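What follows is a short report on a single structure.
Bear in mind these aren't lab numbers, they're just calculated from the coordinates by the rules spelled out. Nothing here was measured: the structure is a model prediction, and the numbers come from that model. Backbone-built Cβ (ideal geometry, glycine too); neighbour counts: all protein chains shown.
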Amino acid sequence: MTNDERRATGDGRLGAYEVLRPTLDTSRIRADFPILAEQVNGRSVVFLDSAASSQKPVQVLQAMDDVYRHAYANVHRGVYTFSEAATERYEQARVKIARFIGAPAAENIVFTRNATEALNLLAYSYGRHFLQPGDEILITELEHHANFVPWQVLAQERGLRLKFIPISPEGRLALDKLDELLTPRTRLLSFAHVSNVLGAITDPRPIIQRAHAIGARVIVDGSQSVPHMPVNVVELDCDFLVFSGHKMLGPTGIGVLYGKRDLLDAMPPFLTGGDMISAVGFDGPRWNDVPLKFEAGTPAFVEAIGLGAAVDYLSALDMSAVRAHERELTAYALERMSEVPGAKIIGPTDPDVRGGVVTFTLDRVHPHDLASLLDREGVAIRAGHHCAQPLHIRLGLSATARASFYIYTEPHEVDALIEAIYKARHALKR
Amino acid sequence: MQDLYREHILDHYENPRHHGTLEHADFTHEESNPLCGDRIRIDVKLGSEGDRYRIAEAAFTGDGCIISQAAASMLLEDVMGKSVDEVEQLEPQHVLDLVGAPLTAARVKCALLGLKVLKTGIKLWKLQRS
Ligand SMILES: Cc1ncc(COP(=O)(O)O)c(C=O)c1O
């Protein structure tokens, strides 16, 4: 494999490739994130919750501010300067995002509010239109509720069967079960590229190939992969990919659904109203072309422009370097955590197959107590079930603690986490 | 770091008062906090003087963070002998005062889970009787 081929695969396994690339210049990056200079409880913040939502660089804030100050008017309907300028920036953002994930054209990119809305769009539009009673949908035990509940609801409503790929003992998908789970009735498969709890990176390609071989369509939940590693939809050959802008330096309120053109064309609209029609007469509407068919009402175009700026920022860093940086941090964090008595890592401990998400439990310390005590030290981690309750049921845990990393995370912040864990133990006399 | 987990909170967590279950309880109620998975079950035995029902005995079990479990222990200690009507009127602030530590909004829910379970238990018991 050449380096470019490796980069295109998006499976996160960079192997020897990563040593050829410089990792990120975090001190330069951090200067772009004003919030990282904030103090929490009298200390510089150690922000370790980027898997929930990332911080934003000034470039993104400025891109949005600039629209509001210099080019703001509703898109698509005006013929005057402001409206045309805003429309152009909005559509440019679509082009940037298409390029970022290797989509064939901007028309493959539908803007949604977030990954959750993109998955609901698929459940409503694709699911309610193309699936018949008795059909099977295959998801996995590790899915975020966003990729779980819409299928549960759809299955109940339409009389479909929902099946689950189980978790292996080492906290990865048990893909040895895939062949028996895929049946001639399987019509749709949807799974997370990277688990937001286990951190496990799943190589989507063999799964997609096997699903396609039996005629099933595949949705990849890229919420935890697109922000952190190279992802190329043509290489993957997925039918749909969803992700949220706010986890990848972009603002809240903007997400993406990528879809193959023929599928998007065949799907009926999700929401209806303005912008999504090409004509409305008294006898009924005619739908607009893809992607506008799926963008009813005034879209979050300033946010989309912000996401375009975020994608520019990430592309300039190079997504392979982003992945290499996070892999290094994850390896370091896993090593440091292994020294902490009573700490147990949840999910795979091989940094080659783990995204920058380190989830753990601490013997006799509830994750919520830990998170509160860490906050006193300015260390922000997440505690709970991370919107993956079925997974926690499987793991036999009611809650876990999770530290997650991004482009601005530095090794000394992992040290701060470890030190704060020791302090917390001491405070609780554990 | 210490102020949130002061001695008396840790003490209630380590040595919970009124911990366990009751045989022949007049009512039992259990709830969990959907966000963090904290769970509390409370059994209550009532004593009556005419129309007035009082908490004669109460016991809880559960799992979850220190705040949720310690607050339940403090609550049961506090409501012993109180009338059910009185308990129904208890303000959340009363429990927060018992806990006495500065809680952030997210943690207030942990502290109030026990009160929610007890009040809902009383409400359901009343409904069943009427
Ligand atoms: C794997 C995964 N899927 C879906 C989502 C949902 O993202 P959003 O809440 O932005 O829709 C998340 C967010 O935590 C996630 O981690």
Could you state the angle between the C-alpha long axis of helix A:367-376 and the longest principal axis of the C-alpha atoms of chain A, as a value from 0 to 90 degrees rounded to the nearest 10? 80 degrees
Can you tell me the 0 to 90 degree angle between the C-alpha axis of helix A:149-158 and the longest principal axis of chain A, rounded to 10? 40 degrees
Once the Cβ-Cβ distance between residue A:152 and residue A:213 is put in as r, and R0 is 35 Å, what FRET efficiency do you end up with, to the nearest 0.05? 0.85
Please list, in chain and number order, the residues 5+ apart from residue A:248 or on another chain whose amide H is under 5 Å from its amide H, with Hs placed from the backbone. A:54
Per-residue ellipticity at 222 nm attributable to helices in chain A (runs of n ≥ 4 DSSP H, -39500 (n - 2.57) apiece, nearest 500 deg cm²/dmol) works out to -11000 deg cm²/dmol
The ³J(HN,Hα) series, computed from each phi in the stretch A:379-388 with the Karplus coefficients 6.51, -1.76 and 1.60 at θ = phi - 60°, rounded to the nearest Hz and given as x for glycine or proline, is 9, 9, 10, 10, 9, x, 9, 6, 6, 9
Would you calculate the separation in nanometres between label points at residue B:35 and residue B:108, each defined as 7 Å from the Cα along the Cα-to-beta-carbon direction? 1.0 nm
Neighbouring partner chain Cβ atoms per residue of A:363-372, average, 10 Å criterion: 6
Would you mind calculating the gained length between residue A:278 and residue A:364 on full extension (0.36 nm times residue separation, minus the Cα-Cα distance), in nm to one decimal? 24.9 nm
Might you report the magnitude of the Cβ-based charge dipole of the stretch A:60-316 about its Cα centre, with Lys and Arg at +1 and Asp and Glu at -1, to the nearest 20 debye? 220 debye
For the stretch A:341-430 the GluC sites (Glu not before Pro) that pass both the DSSP coil test and the at-most-16 other-Cβ-within-10 Å test are none
Show the residues, 5+ positions off or on another chain, whose built amide H is closer than 5 Å to the amide H of residue A:173. A:168
Any idea what angle helix A:411-427 forms with the longest principal axis of chain A, computed on alpha-carbon atoms, 0 to 90 degrees, nearest 10? 60 degrees
Ranking A:214, A:219 by Cβ neighbours within 10 Å, fewest first, what do you get? A:214, A:219
Which of A:244, A:125, A:44 ends up with the largest GNM mean-square fluctuation for chain A, with Cα atoms connected below 10 Å? A:44
With springs only between Cα atoms under 10 Å, which of A:228, A:70, A:368 fluctuates most in a Gaussian network model of chain A? A:70
Taking 7 Å along the Cα-to-C-beta vector as the label spot, tell me the residue A:422-residue A:265 distance in nanometres, rounded to one decimal. 6.3 nm
Residue A:165's amide H: which non-local residues (gap 5+, or another chain) put their own amide H closer than 5 Å, with H modeled 1.01 Å from N in plane and none for Pro or chain starts? A:139, A:140, A:141
For the stretch B:101-112, Karplus-derived ³J(HN,Hα) couplings (6.51, -1.76, 1.60; θ = phi - 60°; whole Hz; x for glycine and proline) come out as 10, x, 10, 6, 3, 5, 8, 4, 4, 4, 5, 8
Cβ density ranking, 10 Å radius, fewest first, applied to B:36, B:65 yields B:36, B:65
Reciprocal mean inverse distance between Cα atoms of the protein assembly as shown - Kirkwood radius, Å: 25.8 Å
Links exceeding 29 Å between C-alpha atoms in this model, out of A:247/B:116; A:56/A:429; A:96/A:260; B:82/B:109, come to A:247/B:116; A:56/A:429
Across chain A, where is the longest run that never hits chymotrypsin sites (Phe, Trp or Tyr not before Pro) in a DSSP loop with at most 12 other C-beta atoms within 10 Å? A:81-281
How much length is gained if the chain between residue A:95 and residue A:316 is pulled fully straight, taking 0.36 nm per residue apart and subtracting their Cα-Cα distance, in nm to one decimal? 78.0 nm
Mind putting a number on the dipole of the stretch A:97-209 about its Cα centre? Charges go on the C-beta only, +1 for Lys and Arg and -1 for Asp and Glu, and I need it in Debye to the nearest 20. 240 debye
Charged-residue dipole, Cβ positions (Lys, Arg, Asp, Glu), the stretch B:7-129 about Cα centre, Debye nearest 20: 380 debye
Find out how many positive minus negative residues lie around residue A:191, taking Lys and Arg as positive, Asp and Glu as negative, among other residues whose Cβ is under 9 Å from that of residue A:191. -2
When only DSSP loop residues count, what GluC sites (Glu not before Pro) in the stretch B:10-66 have their Cβ near at most 11 other Cβ atoms within 10 Å? B:23
Where Rh denotes the Kirkwood radius from the mean inverse Cα pair distance, what is Rg over Rh for chain B? 0.97
I want to check the label-to-label distance for residue A:350 and residue A:27. Put each point 7 Å from Cα in the C-beta direction and report it in nm to one decimal. 3.6 nm
For chain A, modelled as a GNM with alpha-carbon contacts under 10 angstrom, which of A:179, A:65, A:239 fluctuates the most? A:179
Computed from the beta carbon distance with a Förster radius of 56 Å, FRET efficiency for residue A:161 and residue B:49 to the nearest 0.05 stands at 0.45
Restricting to the protein assembly as shown, what percent of DSSP beta bridges are antiparallel, rounded to 5? 70 percent
For every other residue with a beta carbon closer than 12 angstrom to the beta carbon of residue A:60, add +1 if it is Lys or Arg and -1 if Asp or Glu, then tell me the sum. -4
Karplus-derived 3J(HN,Hα) from phi for the stretch A:253-265 (6.51 cos²θ - 1.76 cosθ + 1.60, θ = phi - 60°), whole Hz, x at Gly and Pro, runs x, 9, x, 9, 10, 9, x, 5, 4, 5, 6, 4, 5
Summing Lys, Arg as +1 and Asp, Glu as -1, what charge do residues with Cβ under 13 Å from the Cβ of residue B:51 carry, residue B:51 excluded? +2
